[in-house]
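The values are calculated or read from the model by the stated rules, or taken from the named source; none is laboratory data. Keep in mind it's a predicted model, so treat the numbers as computed, not measured. Please note: Cβ atoms are built from the backbone with ideal geometry, for glycine as well, and neighbour counts cover all protein chains shown. Each accessible area value is taken on the protein alone, full model and side chains, heavy atoms only, with ligands, DNA and RNA left out. Shrake-Rupley method; radii C 1.70, N 1.55, O 1.52, S 1.80 Å.
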Amino acid sequence: LIKPWWEPVQACLPPLLRAIDAGLATGDVQHAMTAAHSYAGLALTSGQTLGPLVEEMMSHARQMAEYGQNFQRYVTKPCWQTALNLVGRAGTGDPARLIGEEMNEDSLLGPLEAGPSNHIGFLTRSYRLWLEFLFGHHERAWRTRAQISQEMSSTSIFALFPAFCNDVLYSCLAALALAREEDVDAARGASSENSKAEYDAVVSETMTQMEEWATLTPWNCLNKLKLMKAEYAYTKGDYTLAGDEYVLAIELSKKHRFIHEEGLAYERYGIFLEERGDREGATDMFLKA
């Protein structure tokens, strides 16, 4: 719970694996499966290779079922289904919905969302926000962000640092993407259901938060902040600064071994270059992504 706020998130994985093994070896199954839950969330957000990670997750899922650790099993399902969606094993034609082998978000949430701490509801929406942005559903990501924000202001939420970090990152990116889309719509004489002021407020709040975290844990957050700054500069029309920040986001993601965020930075840089008319440069970025 504490180490990801200070140390590289990847450094938290070996101790969690040892905790799983130690718990199973000594009969402390509950703590072993609690460690497995934490491991799943941290591993998925730390850039581990998805294929082997999914197999590891499914092994832990079978152990949770075998040992009757139902609470840990259910609260880990959003993470497992997200990983499955990312390797092409979504249960529907929409990979941004958590429906498939491990869960159906429509039927799972209802009976489990009651209580003072809506842990599974928060995790489901947090992972869904991530997927919605990755697959280009910016309006849906914006609505999910609003649900998360309302939830955090009204209930006690317990989650690991990467979940909060992802929420801030993808809330900001969704707001910036929608702000640019609104500018395009306005130029065409169309209207948007949201106001530019709403987007600006979320961008300001999330960038301020990520700047604080990047000071506390630069390994885990500085690459994310650079991508946010690149998208912000792009939205504001500072194209030279945007290009520089995209390059820094890519370099830091690679250096800090967040390969999924390296791919995202390449993709966003490619979109930027394509919209600026540099098709050759954009193609190169998309291939690298």
What net charge is computed for the residues neighbouring H260, neighbours being all others with C-beta under 14 Å from the C-beta of H260, Lys and Arg scored +1, Asp and Glu -1? +2
Quick check: from the Cα gyration tensor, does the chain come out rounded (a/c under 1.5), prolate or oblate? prolate
In deg cm²/dmol and to the nearest 500, what is the mean residue ellipticity at 222 nm of the chain if only DSSP H runs of at least 4 residues count, each as -39500 (n - 2.57), divided by the residue total? -25000 deg cm²/dmol
Crossing angle, helix 13-26 versus the chain [Cα axis fit, 0-90 degrees, rounded to tens]: 20 degrees
So with the 1.4 Å probe, I'd like the accessible area per residue for the chain, rounded to whole Å². 46 Å²
The ³J(HN,Hα) series, computed from each phi in the range 175-181 with the Karplus coefficients 6.51, -1.76 and 1.60 at θ = phi - 60°, rounded to the nearest Hz and given as x for glycine or proline, is 4, 5, 4, 5, 4, 5, 5
The simple spin-label model distance between A22 and K254, using points 7 Å out along Cα→Cβ, in nm, is 3.8 nm
Residue among L84, L129, L241 with the largest mean-square fluctuation in a Gaussian network model of the chain, springs linking Cα atoms under 10 Å: L241
Which shape class applies to the range 230-289: rounded if a/c is under 1.5, otherwise prolate when a/b exceeds b/c and oblate if not, where a ≥ b ≥ c are the square roots of the Cα gyration tensor eigenvalues? oblate
Provide the gained length on full extension for the span R62 to L241, in nm with one decimal, where the gain is 0.36 nm per separating residue minus the Cα-Cα distance. 59.6 nm
Please list, in order along the range 260-273, the HN-Hα scalar couplings obtained from phi with the Karplus expression 6.51 cos²θ - 1.76 cosθ + 1.60 (θ = phi - 60°), rounded to whole Hz, x for Gly and Pro. 5, 7, 4, x, 5, 5, 4, 5, 5, 5, x, 4, 4, 5
Amide H neighbours of M103 under 5 Å, counting only residues 5+ apart in sequence or on other chains, H built in-plane at 1.01 Å? none
With the 8 Å Cα cutoff and a minimum separation of six or more residues, the chain has a relative contact order in percent of 13 percent
Accessible surface of the chain, 1.4 Å probe, proportion on carbon and sulfur as whole %: 53 percent
Fluctuation leader among A43, A61, A146 - the chain, Gaussian network, Cα springs under 10 angstrom: A146
Tabulate in residue order the Karplus-calculated ³J(HN,Hα) for the range 134-145, using 6.51 cos²θ - 1.76 cosθ + 1.60 with θ = phi - 60°, rounded to whole Hz; enter x for Gly and Pro. 4, 9, x, 8, 5, 5, 5, 4, 5, 5, 5, 4
Charges only on Cβ, +1 for Lys and Arg, -1 for Asp and Glu: so what's the dipole of the chain about the Cα centre, in debye to the nearest 20? 500 debye
